[in-house]
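Student: Have a look at this one before I ask anything.
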Amino acid sequence: MSKFRKILVAAVVLSMVLSLVGTGFAAAPKVVTKVFSDTQGKDCEQAMAMLGGLGIYKGDSGIGGPARPDDPITRAEVAAVVTRMLGKEKTAKAMENYAPPFVDSAKIPSWAWGYVSVASSLGIVKGYPDGSFGPNNNVTHAEMLAMLVRALGHDSLVKGVWPTNYIVYGHSLGLTEGVEVFANLPATRGEVAIMAANAMEADVYDEVAEKEAAGTLLTGELRSGFESREGTVTKVDVDKSEITIKDADNKDHIEDLASQVVLIGVKDLDELVNLHVKAVLVSDKVVVIEVTEEANVISGVLDEIKADKDQIVLEDGTKIDYDPADTDVVINGEEGFDVEDKLVKLLAGADADITVKVVMGEGDDKDVAKVIRAEVFDAPDTYLKSDPDIAETEDEDNTITVADLVYKSDEVIVDDDTTITLDGDAAELADLEKDMVVYVATKGAKGILKSDTETPVAFKIAAYSEAKDGKFVSATKYRVSATEYYYKVKYEVDDKDYTIRMSSKFTLPDDLHPGDVIKIVLNADGYGRNIVQVTAATNYVKILGVATVSDAVYSVTVDRAGEEQEYDVAESKRVEVTATAVPGTVGELTLVGDEVTGYMPIDLVKKGDVAVEFTVVTADADAGVVTVKDADGNYYTSGDDVVVYKEKKADSKEVGDYIGVAGLSKGDKVYVGLDGSKVAWVLLKY
């Protein structure tokens, strides 16, 4: 009997014990691979997973919580399990206010009244000779098997003496597979789960027709509330919440996915393509998908194609034979390629790993690849240059624009078939934002082969939003080879320095300066991919000192918005900077990377030889902006990079300490330096 059968029966039984979980749906299903927290590694793990997914058993605190697989189960709980297995949940709910027909009905938990009544009326659960039910008694292995045999309609065929008769008959139906049975030993929740899952796939007996019915509780033919589909997954459309399964008769079944889907055997919906599965539906929606043992799929990263041997080799060394005339190749969702043309070119020209899923089949004298499904990001490690362009009408194309594509156009069409993920979860185009790192795979091999005849259409977009915020401190370049290098960027958060490694695709922006507030956007590997300048640090500084050799400035030390910093001077600018970078002057520093390429002093506004006095009108410390007026009523406003100092002593006009905009108040008397019509720096009178 298959693992699925065990899981299913158990799922049905145990989940029925507690409560039926609704299976509403959403555009992007939530994927669950760890259904209960305390079943890992146990024999009942798959059965429990199935039951939780079907809503038959949800444990003490729902999906993700404990299920107590080693604890015993009561007769009242089993009544609920079997009732739900038969699709009688609504009937039980309708009878939940009516006491069951047993002398100890007052001892039956009120939540179980409806379940006990239904199970009793169907002859599945029976009381003791004294007319009592014993709701809190633990169910034994024999009692559990008897209830399942009755639920399946086989009771009239059981012959012999209790309890051997039901144990033997239950064994013949496959109900005991995976469980060591002891007639009078209390059954655990895990054992009940396994037996119930087995029962879900056992044939139901039609007593009226005196023959086995054509189906099981899973087939949907017996109105149990459950249906199943078995076959090979050919497509998963997360956006439409659909899965396509091709059955043994080569017929496609397109099924809706529930809002929550339990996966058994894989961790992601995308991994299901080309795998043989059994999917269970509740209310016409898939709630559980189990990869069955019949699947023969090899996955990995493509490393080499040996055309002379008709063989592909994966990075882990796995060698897979193919038939040049009979092996189908699917690249980024597009069919019709062949190994020795497109796949060879793809491997030679790809700028990213090529992952493959190979569906194996029988060849003339050995197993060969029947289908090679390749997926490759032809625009790896890029970032969005702008927010996605969402089409206003159905006739328009949605697009994204990214930086650093490997083909000429930097615009990519996003259609209804494009799979989109954000930080590993299913997403929509509207969820993506400017500056996010994106990996783009275009349909077929167009992007890889650098086609410039049409705008590529995205097959898959994987976006990542994680970023580090802080103040830029410095960047150090590390060379890996003659042509390869990477940067380590130091940034500051709350007066603490941190360092992050940038990806090899990163190029340091020319306009990045120490003190700039930045956002470092990370790629899928956790490396920095892009630096976004949030706020530029001021370039207005006070020269504190210079280091010269033979009258040429080699470095300057500055007070930059209250912080002392030192910069090297570009060789071609040393003499020029020497003439202007005089200690004590305030002016504009020009930087390229970490090198000074120019310095322009900004003098106080004067009338003749006398500095003009201004009055502060407003000083917005949060915005870093100050507005002043002169004696003639003329107003001047700064940008957000204004620097504010205080006189060293009264009427000296010597530049003292940096105080910033926060050091100003309305009505203060100040001197200013203008850069054009903008206030560049302010000197507060002592």
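Laboratory data are not the source of any read-out in this text; all were calculated from the coordinates shown. A quick note: this is a predicted structure, and the numbers were derived from the prediction, not measured. Methodologically, a virtual Cβ is constructed for each residue, glycine included, from the backbone with ideal geometry; neighbour enumeration extends over all protein chains shown.
Student: Kindly write out, for segment 600-616 in residue order, the coupling ³J(HN,Hα) from the Karplus curve 6.51 cos²θ - 1.76 cosθ + 1.60 (θ = phi - 60°), rounded to whole Hz, with x marking Gly and Pro.
Tutor: Working through the residues one at a time gives 10, x, 10, 7, 5, 5, 10, 10, x, 9, 9, 5, 7, 8, 10, 10, 6 Hz.
Student: Extension gain Glu394-Ser132, at 0.36 nm per residue separation less the Cα-Cα distance, in nm? Don't skip to the end; give the middle numbers.
Tutor: Values: separation 262, 0.36 × 262 = 94.32 nm, distance 6.61 nm.
The span from Glu394 to Ser132 would gain 87.7 nm if fully extended.
Student: Sticking with this structure for a sec: Once amide H atoms are placed 1.01 Å from N in the peptide plane, what residues at a sequence separation of 5 or more from Thr419, or on another chain, have their amide H within under 5 Å of its amide H?
Tutor: HN-HN under 5 Å from Thr419: Lys460, Ile461.
Student: Convert each backbone phi in segment 257-267 into a coupling constant with the Karplus relation 6.51 cos²θ - 1.76 cosθ + 1.60 (shift: θ = phi - 60°), then list the ³J(HN,Hα) values in order as whole Hz, x for Gly and Pro.
Tutor: Taking θ as phi minus 60°, the curve returns 8, 6, 5, 10, 10, 8, 10, 10, x, 9, 10 Hz for segment 257-267.
Student: How long is the gain from Asp284 to Lys42 if the chain were fully straight, where each residue apart is worth 0.36 nm and the alpha carbon distance is subtracted? Provide the component values of the computation, followed by the final result.
Tutor: Working: separation 242, 0.36 × 242 = 87.12 nm, distance 3.06 nm.
Going from the current span to full extension adds 84.1 nm.
Student: Working out 0.36 nm times the residue gap between Ala403 and Asp510, then minus their Cα-Cα distance, what length gain in nm do you get to one decimal? Please report the intermediate quantities before stating the final value.
Tutor: Values: separation 107, 0.36 × 107 = 38.52 nm, distance 1.68 nm.
Stretched fully, the Ala403-Asp510 segment lengthens by 36.8 nm.
Student: Additional query: Tell me the angle of helix 189-200 to the major Cα principal axis of the chain, expressed in degrees between 0 and 90 and rounded to the nearest ten.
Tutor: Tilt relative to the chain: about 70 degrees.
Student: Just the projected area, averaged over all directions, of the convex hull on the alpha carbon atoms of segment 467-535: how many nm²?
Tutor: Details: hull surface 18.0 nm².
Dividing the Cα hull surface by four gives the mean projection, 4.5 nm².
Student: At what distance in nm do the modelled label points of Glu492 and Thr244 sit from each other, each positioned 7 Å from its Cα along Cα→Cβ?
Tutor: Inter-label distance under the simple model: 5.7 nm.
Student: Let me know the charge dipole size of the chain about its Cα centre in debye, to the nearest 20, where only the beta-carbon of Lys, Arg (+1) and Asp, Glu (-1) is charged.
Tutor: With only Lys, Arg, Asp and Glu charged at Cβ, the dipole is about 2400 debye.
Student: For the chain, take the longest principal axis of its alpha carbons; what is the angle in degrees between that and the long axis of helix 45-54, to the nearest 10 within 0 to 90?
Tutor: 80
Student: Mind checking the dipole of segment 225-276: about its Cα centre, +1 per Lys or Arg Cβ, -1 per Asp or Glu Cβ, Debye to the nearest 20?
Tutor: On the way: 6 positive and 13 negative charges, 18 e Å.
So the magnitude is around 80 debye.
Student: Could you compute the FRET efficiency for Val168 and Ile254, with r as their C-beta to C-beta distance and R0 at 25 Å, rounded to 0.05?
Tutor: Taking R0 as 25 Å, the efficiency between Val168 and Ile254 is 0.05.
Student: Okay, moving on. Counting other Cβ atoms within 10 Å of each Cβ, which GluC sites (Glu not before Pro) in segment 567-666 have at most 16 and sit in a DSSP loop? Let's see the in-between values first.
Tutor: Working: sites: Glu571, Glu576, Glu588, Glu595, Glu613, Glu647, Glu654; in loops: Glu613, Glu654.
Sparse-neighbourhood loop GluC sites (Glu not before Pro): Glu613, Glu654.
Student: With a ≥ b ≥ c taken as the square roots of the eigenvalues of the C-alpha gyration tensor of segment 353-438, please select rounded if a/c is under 1.5 and otherwise prolate if a/b is larger than b/c or oblate if it is not? Display every interim value, and only then the final one.
Tutor: On the way: a/c = 2.66, a/b = 2.18, b/c = 1.22.
Prolate, because a/c is 1.5 or more and a/b exceeds b/c.
Student: Just the ratio, please: alpha-carbon radius of gyration of segment 86-190 over 2.2 N^0.38 Å, N its number of residues. Let's see the in-between values first.
Tutor: On the way: Rg = 14.3 Å, N = 105, 2.2 N^0.38 = 12.9 Å.
Normalised Rg, Cα atoms only: 1.11.
Student: What ranking, highest mean first, results for peptides 619-626, 187-194 when packing means the other Cβ atoms within 10 Å averaged over each residue?
Tutor: Working: 619-626: 16.9, 187-194: 28.4.
Going from most to least packed, we get 187-194, 619-626.
Student: Out of residues 5 or more away from Gly639 or on other chains, whose amide H comes under 5 Å of its own, with H placed 1.01 Å from N in the peptide plane?
Tutor: Val679
Student: Take the Cα pairs of segment 471-580, get the Kirkwood Rh, then feed it into Stokes-Einstein at 4 °C and 1.567 mPa s and tell me D in µm²/s.
Tutor: Estimated diffusion coefficient is 83 µm²/s.
Student: What is the distance, in nm, between label points placed 7 Å from the Cα along the Cα-to-Cβ direction at Thr355 and at Asp632?
Tutor: Placing both labels 7 Å along Cα→Cβ, they lie 7.0 nm apart.
Student: Let me ask something else about it. Using mean Cβ contacts within 10 Å as the protection proxy, how do 491-497, 601-607, 246-252 order, highest first?
Tutor: So the peptides 491-497, 601-607, 246-252, ranked by packing, come out 601-607, 491-497, 246-252.
Student: For a protection proxy built on the mean count of beta-carbon atoms within 10 angstrom, sort 661-671, 281-291 highest first, please. Don't jump to the answer; show the numbers that get you there.
Tutor: Details: 661-671: 15.6, 281-291: 22.5.
Result, highest mean first: 281-291, 661-671.
Student: Here is a follow-up. Quick check: the distance between the Cα centres of segment 87-160 and segment 347-390, to the nearest angstrom?
Tutor: Cα centres, segment 87-160 to segment 347-390: 54 Å.
Student: While we're on this one: Taking θ as phi - 60°, what are the ³J(HN,Hα) couplings along segment 151-163 by the Karplus curve (6.51, -1.76, 1.60), each to the nearest whole Hz, with x for Gly and Pro?
Tutor: 4, 8, x, 9, 4, 5, 8, 7, 10, x, 9, 5, x
Student: May I ask which residue of Thr637, Gly41, Thr188 lies farthest towards the positive end of the charge dipole of the chain, with charges of +1 (Lys, Arg) and -1 (Asp, Glu) on Cβ and the Cα centre as origin?
Tutor: So the residue we want is Thr188.
Student: Something else now. Between Leu185 and Glu334, what's the calculated FRET efficiency when r is the beta-carbon distance and R0 is 60 Å? Round to 0.05. Don't skip to the end; give the middle numbers.
Tutor: Values: r = 58 Å, r/R0 = 0.97.
Step by step, r from the Cβ atoms, then E = 0.55.
Student: Provide the percentage of antiparallel DSSP beta bridges, counting only those with both residues in segment 606-684; round to the nearest 5. If you can, show how the numbers build up before the last one.
Tutor: Working: 20 of 25 bridges.
Close to 80 percent.
Student: Right, another one. Among residues other than Tyr115 whose Cβ falls under 13 Å from its Cβ, what is the net charge (Lys/Arg +1, Asp/Glu -1)?
Tutor: Details: positive: Arg75, Arg84, Lys88, Lys90, Lys93; negative: Glu77, Glu89, Glu96.
Net charge around Tyr115: +2.
Student: In whole Å, what are the extents of segment 606-684 along the principal axes defined by its C-alpha atoms, from largest to smallest?
Tutor: Largest to smallest, the principal-axis extents are 34, 27, 22 Å.
Student: In debye, nearest 20, what is the charge dipole magnitude of segment 467-535 about its Cα centre with +1 on Lys and Arg Cβ and -1 on Asp and Glu Cβ, if you could check? Walk me through the numbers before you get to the answer.
Tutor: Details: 11 positive and 10 negative charges, 57 e Å.
For this selection, approximately 280 debye.
Student: Mind giving me the FRET efficiency for Ser572 and Thr292? R0 is 60 Å, r the Cβ-Cβ distance, nearest 0.05 is fine.
Tutor: Working: r = 71 Å, r/R0 = 1.18.
That gives a FRET efficiency of 0.25.
Student: Considering only the other residues whose Cβ falls under 14 Å of the Cβ of Ala80, what net charge follows from Lys and Arg at +1 and Asp and Glu at -1?
Tutor: On the way: positive: Lys58, Arg75, Arg84, Lys88, Lys90, Lys93, Arg189; negative: Glu77, Glu89, Glu96.
Charge balance near Ala80 sits at +4.
Student: Only bridges with both residues in the chain count here: give the DSSP antiparallel percent, nearest 5. If you can, show how the numbers build up before the last one.
Tutor: On the way: 136 of 162 bridges.
Close to 85 percent.
Student: What whole-number value in cubic angstrom gives the convex hull volume per residue for the C-alpha atoms of the chain?
Tutor: On the way: hull volume 175.9 nm³, N = 686.
So the per-residue Cα hull volume is 256 Å³.
Student: Can you show me the helix-derived [θ] at 222 nm for the chain, built from DSSP H runs with n ≥ 4 at -39,500 (n - 2.57) apiece and divided by the number of residues, rounded to the nearest 500. Walk me through the numbers on the way to the answer.
Tutor: Numbers: 10 runs with 96 residues, N = 686.
Computed ellipticity for the chain at 222 nm equals -4000 deg cm²/dmol.
Student: May I ask what percent, to the nearest 5, of DSSP beta bridges between residues of segment 297-376 are antiparallel? Before the final figure, lay out the partial values.
Tutor: Working: 23 of 28 bridges.
Antiparallel: roughly 80 percent of the beta bridges in segment 297-376.
Student: Extending each Cα 7 Å along its Cβ direction at Thr476 and Ala94, get the distance between those two points in nm, one decimal.
Tutor: 7.6
Student: Find the relative contact order for the chain and round it to a whole percent, using C-alpha pairs within less than 8 Å whose residues are 6+ positions apart. Provide the component values of the computation, followed by the final result.
Tutor: Working: 1717 pairs, mean separation 50.3, N = 686.
Here the relative contact order equals 7 percent.
Student: Would you mind checking which residues have amide H under 5 Å from Val288's amide H? H placed 1.01 Å from N; only 5 or more apart, or other chain.
Tutor: HN-HN under 5 Å from Val288: Val262, Val280.
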